[in-house]
Amino acid sequence: MTMNKKLIDLIAEGYNFSISDIVSIIENNSEADDNYLFCRADKIRRSVYGNKVYIRGLIEFSNCCKNDCLYCGLRCSNLNPKRYRLTEDEILECCLNGYKLGFKTFVLQSGEDLFFTDNMICSIIKRIKENFSGCAVTLSIGEKSEESYQKYYDAGADRYLLRHETACKNHYSKLHPDKMNFQSRIDCLKSLKKIGFQTGAGFMAGSPFQTSECLAKDLIFLKELNPEMVGIGPFIPQSDTPLGKYPKGSLRLTLVMIALTRLILPHALIPSTTALSTIHPTGRELGLKAGANVVMPNLSPLKYRKHYTLYDNKLSDGEESAQCLKQLEARVKNAGYEIVTHRGDFIA
Ligand code: SAM
Ligand code: SF4
């Protein structure tokens, strides 16, 4: 047995790994060791969630953003995307379409758009909960005050996704403008956990200036925070951004980070992301085989999808579209898993 396989076993058994342990796994180029890691992660996910894959309907309800993250095509300095906002009724209509297709979780995602006041967000949450009983609402609308988060929770929101982006302060400052602050992001995550949200953290694999040590720190951070959800996708350059000429994150690195996350957080809900499908034709299936257990097809109105340009060539049709659920089900089945349509809450 190789050193790395032994390490993988130890991490799966709860060993308190060090930065250099993780660096050794990331920088190891053995396909056999990678496959060992993926199998181990798959075994763990099956022991908690069986072969079930949960689906979430993603509604990208506004591409307006006050922030200027250097990697994101929605950043406020980018004048190219045609900005849009869905009305409350349009959002409800997306949910209705999704509900008819079998979706029981709606993920409301947007840029940090101050047009949507807390009252408006709460009204949207309440209307979804009233109209689609038994459904879960996930928010992914960025950094807010603890008071605002509490209002959303009280209005009925169940989950909140806020990727920490990187657990390395220095790296964070290279990906964000000066006025965005690593500590605020972490404080937001702590507030979300404290309030009682099923909370999602996460990061991009292969983002510019990221080192293996940064990724090891991401895992140490995740182990400590113990979030219910973890979103990990490859960085993909967006040509109109300052980081648009940096290379994309690799498939292998993304899969390794998903699998390691599954090892350290056996119960986490981990999506096989659209970004992973975008960089590889079978990325979604490979993500599932490396430990992911959630997929999030797009439910946004077709006419707006092309304007949610986080990165170049972002997929929003085919199996990434909620309307193609049947094809998605077939592909997931072919990979050895089964899409289920219940809420898919975190199993403690
Ligand atoms: N505005 C909210 C926020 O930042 O938390 C939610 C929406 S934001 C578009 C969702 C995620 O997209 C971010 O957390 C980031 O990790 C990811 N993202 C942005 N630009 C990306 C890129 N160029 N490649 C891959 N993922 C990207
Ligand atoms: Fe805005 Fe989120 Fe993009 Fe940052 S990542 S620019 S906060 S949409």
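Applying the selection to the range 33-48, what residues are open to solvent by 60 Å² or more (accessible area, probe 1.4 Å) and either free of Cβ contacts under 8 Å to residues at least 60 places away in the same chain or among the hydroxyl-bearing types (Ser, Thr, Tyr) (or both)? Write out each step before concluding.
Pass one, the range 33-48, residues open to solvent by 60 Å² or more (accessible area, probe 1.4 Å): 35-36, 39-40, 43, 46-47.
Across the range 33-48, the qualifying residues are Asn35, Tyr36, Cys39, Lys43, Arg46, Ser47.
Checked against the criteria, Asp218 does not count as touching a residue at least 60 places away in the same chain (Cβ under 8 Å) and within 15 Å of ligand 1 (Cβ to nearest atom).
Yes or no: the range 93-103 includes at least one residue that is within 16 Å of ligand 1 (Cβ to nearest atom) and not polar (S, T, N, Q). Scanning the range 93-103, I find no residue that is within 16 Å of ligand 1 (Cβ to nearest atom) and not polar (S, T, N, Q), so the answer is no.
Kindly state which helices (runs of 4 or more DSSP H) lie completely within the range 263-348 and contain at least 3 residues that are without any contact (Cβ under 8 Å) to a residue 24 or more places away in the chain and open to solvent by 10 Å² or more (accessible area, probe 1.4 Å). Break it down stepwise before answering.
Values: elements: 274-279, 283-289, 302-305, 325-334.
Once the helices (runs of 4 or more DSSP H) in the range 263-348 are filtered for at least 3 residues that are without any contact (Cβ under 8 Å) to a residue 24 or more places away in the chain and open to solvent by 10 Å² or more (accessible area, probe 1.4 Å), what remains is 325-334.
If I ask for residues that are surrounded by fewer than 15 Cβ atoms within 10 Å (Cβ to Cβ) and more than 16 Å from ligand 2 (Cβ to nearest atom), which ones from the range 97-125 would you list? Steps first, answer last, please.
Of all residues in the range 97-125, those surrounded by fewer than 15 Cβ atoms within 10 Å (Cβ to Cβ) come to 100, 114-115, 117, 119-120, 123.
Matches in the range 97-125: Lys100, Thr117, Asn119, Met120, Ser123.
Pro227 meets all of the listed conditions (1) more than 16 Å from Phe346 (Cα to Cα); (2) assigned to a loop (DSSP other than H, G, I, E, B) but one, namely (1).
Applying the selection to the range 98-121, what residues are touching a residue at least 60 places away in the same chain (Cβ under 8 Å) and out of contact with any Phe, Trp or Tyr (no Cβ under 7 Å at 6 or more places or on another chain)?
Of all residues in the range 98-121, those touching a residue at least 60 places away in the same chain (Cβ under 8 Å) come to 98, 101-107.
Across the range 98-121, the qualifying residues are Leu101, Gly102, Phe103, Lys104, Thr105, Phe106, Val107.
Working only within the range 180-199, note down all residues that are of a type in the set (Val, Ile, Thr) and either over 16 Å from Lys151 (Cα atoms) or touching a Pro at 6+ places or on another chain (Cβ under 6 Å) (or both).
As a first pass, look at the range 180-199 and keep what is of a type in the set (Val, Ile, Thr): 186, 195, 199.
Residues satisfying the conditions are Ile186, Thr199.
Residue pairs whose Cβ atoms lie under 6 Å apart, sitting 6 or more positions apart in sequence or on different chains, and linking a residue in the range 130-143 that is at pLDDT 95 or above to a partner that is assigned to a loop (DSSP other than H, G, I, E, B) and not aliphatic (A, V, I, L, M), are Cys135/Lys104; Ala136/Asp158; Ala136/Arg343; Val137/Asp158; Gly142/Glu112. Is it true that Glu224 is acidic (Asp, Glu) and touching a residue at least 60 places away in the same chain (Cβ under 8 Å)? It is false that Glu224 is acidic (Asp, Glu) and touching a residue at least 60 places away in the same chain (Cβ under 8 Å).
Could you check Tyr172 against (1) more than 16 Å from ligand 2 (Cβ to nearest atom); (2) over 15 Å from the mean Cα position of the chain (by Cα); (3) over 19 Å from Ser110 (Cα atoms) and say which number it fails? Failing condition for Tyr172: (1).
Is at least one residue of the range 198-205 within 14 Å of ligand 2 (Cβ to nearest atom), open to solvent by less than 10 Å² (accessible area, probe 1.4 Å) and in contact with a Cys (Cβ under 9 Å, 6 or more places away or on another chain)? Yes, the range 198-205 contains at least one residue that is within 14 Å of ligand 2 (Cβ to nearest atom), open to solvent by less than 10 Å² (accessible area, probe 1.4 Å) and in contact with a Cys (Cβ under 9 Å, 6 or more places away or on another chain). Pairs meeting the criteria (first residue in the range 1-23 and within 16 Å of Asp218 (Cα to Cα), second residue surrounded by 12 or more Cβ atoms within 10 Å (Cβ to Cβ) and acidic (Asp, Glu), beta carbons under 8 Å, at least 6 apart or on different chains) are Ile11/Asp21; Ile19/Glu213; Val23/Glu213.
Given the condition surrounded by fewer than 23 Cβ atoms within 10 Å (Cβ to Cβ), under 22 Å from Ile258 (Cβ atoms) and more than 14 Å from ligand 1 (Cβ to nearest atom), answer yes or no: does some residue in the range 231-240 qualify? Scanning the range 231-240, I find no residue that is surrounded by fewer than 23 Cβ atoms within 10 Å (Cβ to Cβ), under 22 Å from Ile258 (Cβ atoms) and more than 14 Å from ligand 1 (Cβ to nearest atom), so the answer is no.
Filter the range 55-77 down to residues that are of a type in the set (A, V, I, L, M) and within 9 Å of ligand 2 (Cβ to nearest atom) and give me whichever is least open to solvent (accessible area, probe 1.4 Å). Applying the filter and picking the extreme gives Leu74.
The values are calculated or read from the model by the stated rules, or taken from the named source; none is laboratory data. Predicted, not measured: the structure shown is a model, and the values here were computed from it. Neighbour counts run over all protein chains shown; Cβ positions are idealised from the backbone, glycine included. We work out accessible area using only protein heavy atoms, side chains counted, and drop any ligands, DNA or RNA first. Shrake-Rupley method; radii C 1.70, N 1.55, O 1.52, S 1.80 Å.
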